[in-house]
Each structure stands twice: as structure tokens, then as C-alpha cells.
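Have a look at the structure below, then the notes.
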Amino acid sequence: MLEKRIADKIRKLRKNKGLTLAQLGQEIGLSKGLLSRIENNQVSPPIATLSKISKGLGVPISVFFDGEEGEEERYSVTGKRDRRQVVRMGTRIGFTYFSLTHLKSRHLIEPFIVRYPVITKEPSILFDHTGEEFLFVLKGKMEFVYGKEKVRLNPGDAIHFDPSVSHRGQNTGRQECECLVIVVDKEAM
């Protein structure tokens, strides 16, 4: 029962982060095959392996043991100092993500503060995923690449879009750009 719950949590967290088994495995030094067997509850991972997986997913190891099935959290308060840095697809190109929720139960939205570094060379990578996404510029200047379009955004500007179209935000200013980003997981509906 516990092993199945852990396997399901690993799969859900990995998918929510937009990582493939191969990407997670490469980041934490485990094979795609082993991760697949863990997620399919064919192998019960030792604590050391769970620790690697939790670090790769940007969550504390306790997330795999918290709460009983059927238990539902009603709300989550995340103080400014309590924001957790998490790993997302853009982390590889220098974006820094901070989760704005500590809810562990299934939820539809993932709110983040995302920091975009000053760039000297425009990144070539674009992202796409299912769901819905909303981005609000808190500080700095940004160019939002959406398919073949480029949209300039300044503090106070927002964009709500279909993230299945290839996209990326990039800093265009001389100081870090910071945005509120909300990703909606339609599969959780």
C-alpha cells in the first residue's frame, strides 16, 4: 500500500515537472529502466534512492510519506521566506522557479515565481506542454516567444496562453526579470 502510494507520487511529481523518465534519470544518476520499475511499483526503492529522486524533483523526501490516502488539504499558506526552489524544464537554461504552494494533494494549478537571468545570448530552446498558462511580469523586461511571434512585456503586463504552442520567456533588460507564472494542469480536472 505504501509502496504503491510512493510510486504514484513519484510519477505524478515527475509529470507535473514536465520531466521524462530519461531526463530525471540523467539528472540524478539512475537509469530510465529503474525509474520505470519504481513508478510501476515493481521495485521498492531504498531511502537513498528516494532521496536522489526527491532532490531531482525538487521536493523534500517527506512528501513521499506525508498524509494518508483520502486525506485532503484544504489550503496552503506559503510565506515569502517559505518558498521552495523547484526544478522545472527551464531550469536547464538558467530560469529559477520558486513554488508558491505547499499543497501535496492533487490540484489544478501550479503557481510559481520565475526569475529570468540577464542573457548575453538568446536561448534556442522552446517549451510546450498541455494545459493552460498565465504569466504576469512583476519586475524587469521580457520578450515572450510564442511560436513564431515575439511579444514585449513590461512590469504589470500579463499574457494568458495555450502552452501547447512552443514558447519561452526571455529577459531583455539589464537586470533580472521576475514573473508570476501559473500553470493549469487540465489532466487533473
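The values are calculated or read from the model by the stated rules, or taken from the named source; none is laboratory data. Everything quoted here is computed from the prediction, not taken from an experiment. Here the Cβ is made from the backbone with ideal geometry for all residues, glycine too, and neighbour counts use every protein chain on show.
In summary, residue 108 fulfils each of the numbered conditions (1) in contact (Cβ under 8 Å) with a residue 40 or more places away in the chain; (2) out of contact with any helix residue (DSSP H, G or I) (no Cβ under 7 Å at 6 or more places or on another chain); (3) surrounded by fewer than 17 Cβ atoms within 10 Å (Cβ to Cβ) with the single exception of condition (2). Within segment 162-180, the set of residues being of a type in the set (A, V, I, L, M, F, W, C) and farther than 19 Å from residue 97 by Cα comprises just one member, 165.
Screening segment 25-116 for strands (runs of 3 or more DSSP E) wholly inside it with 2 or more residues that are aromatic (Phe, Trp, Tyr) and either modelled with pLDDT of 80 or more or not assigned by TED's automatic domain parsing to the domain that holds residue 163 (or both) returns the ranges 96-99, 109-116. Pairing each residue of segment 16-37 that is closer than 23 Å to residue 99 by Cβ with any residue that is among the acidic types (Asp, Glu), provided the two are 6+ apart or on different chains, yields C-beta distances under 8 Å for 16/110; 16/185; 19/27; 21/39. Any residue in segment 122-140 that is surrounded by 14 or more Cβ atoms within 10 Å (Cβ to Cβ), free of Cβ contacts under 8 Å to residues at least 40 places away in the same chain, more than 16 Å from residue 90 (Cβ to Cβ) and touching a Lys or Arg at 6+ places or on another chain (Cβ under 8 Å)? Checked segment 122-140: no residue is surrounded by 14 or more Cβ atoms within 10 Å (Cβ to Cβ), free of Cβ contacts under 8 Å to residues at least 40 places away in the same chain, more than 16 Å from residue 90 (Cβ to Cβ) and touching a Lys or Arg at 6+ places or on another chain (Cβ under 8 Å).
Based on this model, can you work out whether residue 119 counts as at pLDDT below 90, over 25 Å from residue 14 (Cα atoms) and among the aliphatic types (A, V, I, L, M)? It is true that residue 119 is at pLDDT below 90, over 25 Å from residue 14 (Cα atoms) and among the aliphatic types (A, V, I, L, M).
The residues on offer are 167, 160, and the sole one that is within 20 Å of the chain's Cα centre (by Cα), closer than 23 Å to residue 120 by Cβ and assigned by TED's automatic domain parsing to the domain that holds residue 134 is 167.
Of the candidates 168, 174, the single residue that is basic (Lys, Arg) and closer than 17 Å to residue 90 by Cα is 168. Is one or more of the residues making up segment 154-166 closer than 23 Å to residue 21 by Cα and in contact with a helix residue (DSSP H, G or I) (Cβ under 8 Å, 6 or more places away or on another chain)? Checked segment 154-166: no residue is closer than 23 Å to residue 21 by Cα and in contact with a helix residue (DSSP H, G or I) (Cβ under 8 Å, 6 or more places away or on another chain).
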